[in-house]
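Shown next, in structure tokens, is the structure this report addresses.
The values are calculated or read from the model by the stated rules, or taken from the named source; none is laboratory data. No experiment lies behind these values; they were computed from the predicted model shown. Here Cβ is always computed from backbone atoms with ideal geometry, including for glycine, and neighbour counts include all displayed protein chains. Calculation scope for accessible area: heavy atoms of the full protein, side chains included, ligands and nucleic acids excluded. Shrake-Rupley method; radii C 1.70, N 1.55, O 1.52, S 1.80 Å.
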Amino acid sequence: MANPVFSRSETFNRPPQPTGYGYPQQGYGQPQPGYGYPQPGQAPYAPYGQNPYGQPGAPLGHQQPQPQHISGVMTMDDVLAKTAISLLIVFAVAAGAYLLVPVELVIPVTIGGAVASLVASLVVGMRARISPVALAIYAVLEGVFIGGLSKFFDMMWPGIVMSAVLATFVTAGATLAAYKFFNIRVTGKFRKMVTIATMAFAGVMLVNFALAMLGFDTGLRDVGSSAGLLSIGVSILAVCLAVFNLVLDFDFVERGIAAQAPASESWRAAFGITVTMVWLYIEMLRILSYFQQD
């Protein structure tokens, strides 16, 4: 799967089990309504030849299992609420870093925040269970990075940050609307293609970062109006991959809800969506910088 955050929980990866009219499908070896068994909605009775009154309190034949009310499972409302909390922490800390970090410390804070948030995302993502505290720590560190990066871009091109925030949420909202209203179904082939493309992109960006630290400019991630077609093409590809990963995130959430994942797994869903949203925002900053005057 493209987003490794969801790979730690089995409930997000179970294929959907179709059922008819909201009831589980019956198969061989399951009690069938009929002779000796109660019909749905009828009181249970004993099979022919048994005296139901002979032993008070004895079980009456092979009774149809009664539906149980399951509590403490993940719901869409839980995921949306906890995602909102996570994003609120990220952008609140980012706003604080943007306002409080001195200009001369913007680059060190941005680099430090990037490394710290990357390590935190790996540590939190590999946990078998994601707690609210772990998610909050990641969100704070990510907010420091986003705040420093946003201030750097805004110093170069004033006003670009608000445009990037608006573009990020409009894109995410349009993706969610298309996913729901156009009934988009994520196939195994689509999932595999997005996974391979995302892993390849991450590998190339890691090599490019290492080369940049050594003083080599590959031209893959330049910003501003002086960037070439290669940088623009890479950023467009990155935005498309982020959108595709957001679609996969929505699909993972629906799978988890259908599998009746525990309510605690909604923190994992919120974490996964937050990671994708931050990536989308960073790419929006780069895209918009290409249309700014230096």
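Of all the residues in segment 141-189, those that are in a helix (DSSP H, G or I), more than 19 Å from LEU80 (Cα to Cα), open to solvent by 30 Å² or more (accessible area, probe 1.4 Å) and β-branched (Val, Ile, Thr) number 1. Every listed requirement among (1) over 21 Å from ALA242 (Cα atoms); (2) part of a helix (DSSP H, G or I); (3) open to solvent by 20 Å² or more (accessible area, probe 1.4 Å) is met by ARG129 save one, (2). Considering VAL103, VAL119, the condition of being under 17 Å from VAL278 (Cα atoms) and among the β-branched types (Val, Ile, Thr) is satisfied by VAL119 alone. When every residue of segment 229-242 is checked against the conditions, none turns out to be modelled with pLDDT under 90, under 24 Å from SER117 (Cα atoms) and more than 22 Å from the chain's Cα centre (by Cα). Among the residues of segment 186-208, what is the count of those that are over 30 Å from GLY219 (Cβ atoms) and under 16 Å from the mean Cα position of the chain (by Cα)? Looking only at that region, the number is 2. Residues in segment 77-91 that are surrounded by 14 or more Cβ atoms within 10 Å (Cβ to Cβ) and of a type in the set (A, V, I, L, M, F, W, C): VAL79, LEU80, ILE85, LEU87, ILE89, VAL90, PHE91. Once segment 212-226 is narrowed to residues that are assigned to a loop (DSSP other than H, G, I, E, B) and among the small types (Gly, Ala, Ser), the residue that is most open to solvent (accessible area, probe 1.4 Å) is SER226. Please work out if ILE107 is open to solvent by 20 Å² or more (accessible area, probe 1.4 Å), in contact with a helix residue (DSSP H, G or I) (Cβ under 8 Å, 6 or more places away or on another chain), assigned to a helix (DSSP H, G or I) and under 21 Å from TRP267 (Cβ atoms). It is false that ILE107 is open to solvent by 20 Å² or more (accessible area, probe 1.4 Å), in contact with a helix residue (DSSP H, G or I) (Cβ under 8 Å, 6 or more places away or on another chain), assigned to a helix (DSSP H, G or I) and under 21 Å from TRP267 (Cβ atoms).
Looking for something over 16 Å from the mean Cα position of the chain (by Cα), closer than 15 Å to VAL90 by Cβ and aromatic (Phe, Trp, Tyr) - is there at least one such residue anywhere in segment 156-169?
From segment 156-169, those over 16 Å from the mean Cα position of the chain (by Cα) are 156-167; that's our starting set.
Then keep just the ones that are closer than 15 Å to VAL90 by Cβ; that gives 161, 164-165.
Filter again for aromatic (Phe, Trp, Tyr), leaving none.
No, the conditions are met nowhere in segment 156-169.
For ARG286, indicate whether it is open to solvent by 20 Å² or more (accessible area, probe 1.4 Å), in a helix (DSSP H, G or I), modelled with pLDDT of 90 or more and of a type outside the set (S, T, N, Q). Against the criterion (open to solvent by 20 Å² or more (accessible area, probe 1.4 Å), in a helix (DSSP H, G or I), modelled with pLDDT of 90 or more and of a type outside the set (S, T, N, Q)), ARG286 qualifies.
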